[in-house]
Ligand SMILES: Nc1ncnc2c1ncn2[C@@H]1O[C@H](COP(=O)(O)OP(=O)(O)OP(=O)(O)O)[C@@H](O)[C@H]1O
Ligand SMILES: [Mg+2]
């Protein structure tokens, strides 16, 4: 199998990380990718960016979630990761597709259950950045399928970005750190039962598999002490995922007895009009709790 070298096509200007569009020829087929490096800025805001990307990709794969393949690469003497574009007729980001369609996006998604699985997966890995640009959709038969990209702000990247220690109870409250819900997701979730099969799936990944994925990172990408932290974080959240998701449901749902579980945009606007400031209780922005997972009774971090 012949793999050509990655070549830089152009640079994308991004807020934090530097991303280049790259191509290579593999078995006479051209492959496209997006190359990211760990520069000063990304290190400052996302910590071990390359490891965040690589570990998240491998965990997604262990769950049969479609994610862009992430490869470590050295291009023009820079070390980074390439996020490989899946071959398809066309690609749209989730945000682009929802704008383009004139009916709810979930009706057009080939396997909408995958979005629920992605949501639970993101909770597991503490992803703070699943916005509409970080899911890539592509036409599949007469619908659209999608895959996951960009996990730079998951795992230790999330902790660095929010400047909250990995073992703070803050991370038990998804409503505190997650400000993104892709179009269509909120109104699609109405019960815990919809999410529980994915929680169970994550909880059934054997610990040795998770450890193996983290330990397989080169030391230059993730130091041994950081590996230990990532393993503790993942095992702890895996074990307590049902509690964390349940809490998200409770903290996110309306305080009154009306039947809808989630506050959608429309009702939020209505509530604002009525001067009901309930939303603020769901999004305590700027509120950081620094207690140490004291509210959970299971395995404390230091015994892992
Ligand atoms: N595998 C891929 N397939 C298709 N498009 C991709 C892929 N990887 C990256 N992209 C495109 O490149 C853009 C930038 O990549 P990425 O989201 O990883 O970088 P970022 O700078 O960290 O983004 P953000 O602004 O979300 O922090 C994406 O929004 C997407 O449009
Ligand atoms: Mg992105």
Completion exercise
Per the filter on region 49-76, residues assigned to a loop (DSSP other than H, G, I, E, B) and more than 17 Å from the chain's Cα centre (by Cα) are 76
Problem - residue 119 vs. criteria within 15 Å of ligand 2 (Cβ to nearest atom) and either in a loop (DSSP other than H, G, I, E, B) or at pLDDT 95 or above (or both) - result: no
Exercise for the section: Could you please find all residues in region 123-143 being part of a strand (DSSP E or B) and touching a helix residue (DSSP H, G or I) at 6+ places or on another chain (Cβ under 9 Å)? Expected result: 135, 136, 137, 143
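Residues are listed down the side, and each one gets a yes or a no for (1) surrounded by fewer than 15 Cβ atoms within 10 Å (Cβ to Cβ); (2) touching a residue at least 12 places away in the same chain (Cβ under 8 Å):
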position: 6; (1), (2): no, yes
position: 11; (1), (2): yes, no
position: 36; (1), (2): no, yes
position: 39; (1), (2): yes, yes
position: 51; (1), (2): no, yes
position: 57; (1), (2): no, yes
position: 66; (1), (2): no, yes
position: 83; (1), (2): no, yes
position: 92; (1), (2): no, yes
Handout entry: Check on residue 79, within 21 Å of residue 218 (Cβ to Cβ) and under 19 Å from the mean Cα position of the chain (by Cα)
Key = no
Practice task
Can you give me the number of residues within region 212-235 that are over 29 Å from residue 187 (Cα atoms) and crowded, with 16+ Cβ neighbours inside 10 Å?
Solution key: 13
Problem - Meets criteria (closer than 25 Å to residue 222 by Cα and in contact with a helix residue (DSSP H, G or I) (Cβ under 9 Å, 6 or more places away or on another chain)) for residue 59 - result: yes
Exercise for the section: Kindly indicate the residue of region 8-48 that is in contact with a strand residue (DSSP E or B) (Cβ under 7 Å, 6 or more places away or on another chain) and either in a helix (DSSP H, G or I) or more than 17 Å from residue 72 (Cβ to Cβ) (or both) and also farthest from ligand 2 (Cβ to nearest atom) among those meeting that condition. Expected result: 30
Handout entry: Where residue 102 falls short, out of the listed (1) surrounded by fewer than 18 Cβ atoms within 10 Å (Cβ to Cβ); (2) part of a loop (DSSP other than H, G, I, E, B); (3) modelled with pLDDT of 95 or more
Key = (3)
Practice task
Please find, among 54, 65, 135, the residue that is within 11 Å of ligand 1 (Cβ to nearest atom) and closer than 30 Å to residue 243 by Cα.
Solution key: 135
Practice task
Go through region 197-211 and give me each residue that's within 23 Å of residue 112 (Cβ to Cβ) and surrounded by fewer than 16 Cβ atoms within 10 Å (Cβ to Cβ).
Solution key: 197, 200, 203, 204
Practice task
Could you list all residues from region 20-45 that are closer than 24 Å to residue 86 by Cβ, within 13 Å of ligand 1 (Cβ to nearest atom) and out of contact with any helix residue (DSSP H, G or I) (no Cβ under 9 Å at 6 or more places or on another chain)?
Solution key: 20, 21, 22, 23, 31, 32, 33, 34, 35
Practice task
Check residue 146 against each of (1) surrounded by 21 or more Cβ atoms within 10 Å (Cβ to Cβ); (2) over 11 Å from the mean Cα position of the chain (by Cα); (3) in a helix (DSSP H, G or I); (4) within 16 Å of ligand 2 (Cβ to nearest atom) and name the one condition it does not meet.
Solution key: (3)
Fill in the blank from the handout: Scanning region 186-196 residue by residue, the ones that are in contact with a helix residue (DSSP H, G or I) (Cβ under 6 Å, 6 or more places away or on another chain) and buried (at least 17 other Cβ atoms within 10 Å of the Cβ) total 2
Practice task
Can you confirm whether region 156-169 contains a residue that is assigned to a loop (DSSP other than H, G, I, E, B), away from ligand 2 (no atom under 16 Å from the Cβ), modelled with pLDDT under 95 and surrounded by fewer than 18 Cβ atoms within 10 Å (Cβ to Cβ)?
Solution key: no
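The values are calculated or read from the model by the stated rules, or taken from the named source; none is laboratory data. Since this is a predicted model, take the numbers as computed values, not measurements. With ideal geometry, Cβ positions are generated from the backbone for all residues, glycine too; neighbour counts draw on all protein chains shown.
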